[in-house]
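The values are calculated or read from the model by the stated rules, or taken from the named source; none is laboratory data. Source: prediction; values computed, not measured. FYI the Cβ positions are ideal-geometry reconstructions off the backbone, even for glycines, and counts take in every protein chain you see. Quick note on the areas: whole protein, heavy atoms, side chains included, nothing else; ligands and nucleic acids left out. Shrake-Rupley method; radii C 1.70, N 1.55, O 1.52, S 1.80 Å.
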Amino acid sequence: MSNWESLIQQVNDVCLDVFGERVGYRPSMRNRPEMGEQLIEVTGVFDERSVHLTLGGVSGLDAVAPKTTLELRPSDLGFFPNAGDEVTVNGTVYQVVDVQPVGREMAILSLAQRSEW
């Protein structure tokens, strides 16, 4: 491992230690049938915020929409997360709707609360 990769790993470790919380991750049967929807506990950085959107161009309709994400290290799961999996945070169940890798170590999962779909 290069010095740069080692530094990135150290920064990720500190961020997860300081801002992270324990969450439950359950892969869907469609994505990982061999796991049988087994619950995996991992540490991730959970974030709920609102984003401002303009629909229909510059003179369109302004809206505020929720944006819920979880940043985690896929290696803690043992596999790369997929849309359709579920995450439980503080008793609330979310579905993973999108996954974006961040560098080599982390991924950001876009989440939708179950009541929203």
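Worth a mention:
- Residues of the range 30-54 satisfying the condition of being over 19 Å from residue 13 (Cβ atoms), open to solvent by 80 Å² or more (accessible area, probe 1.4 Å) and either in contact with a strand residue (DSSP E or B) (Cβ under 9 Å, 6 or more places away or on another chain) or of a type in the set (A, V, I, L, M) (or both): 37, 38, 39, 48, 49, 50, 52
- Pair list, Cβ under 9 Å, 6 or more apart: the range 75-86 residue more than 14 Å from residue 31 (Cα to Cα), other residue of a type in the set (Phe, Trp, Tyr): 76/25
- Enumeration of residues in the range 8-38 that are closer than 16 Å to residue 93 by Cα and free of Cβ contacts under 8 Å to residues at least 24 places away in the same chain: 22, 37, 38
- Considering only residues in the range 71-117 that are charged (D, E, K, R) and in a strand (DSSP E or B), the one that is nearest to residue 13 (Cα to Cα) turns out to be 71.
- The condition (being modelled with pLDDT under 90 and either assigned to a strand (DSSP E or B) or of a type in the set (D, E, K, R) (or both)) is satisfied by just one residue among 54, 43, 68: 54.
- Subset of the range 16-29 (residues that are in a loop (DSSP other than H, G, I, E, B), open to solvent by 10 Å² or more (accessible area, probe 1.4 Å) and closer than 17 Å to residue 81 by Cα): 28, 29
- Whichever residue in the range 72-117 is among the acidic types (Asp, Glu), out of contact with any Pro (no Cβ under 6 Å at 6 or more places or on another chain) and modelled with pLDDT of 95 or more and, among such residues, is farthest from residue 52 (Cα to Cα): 86
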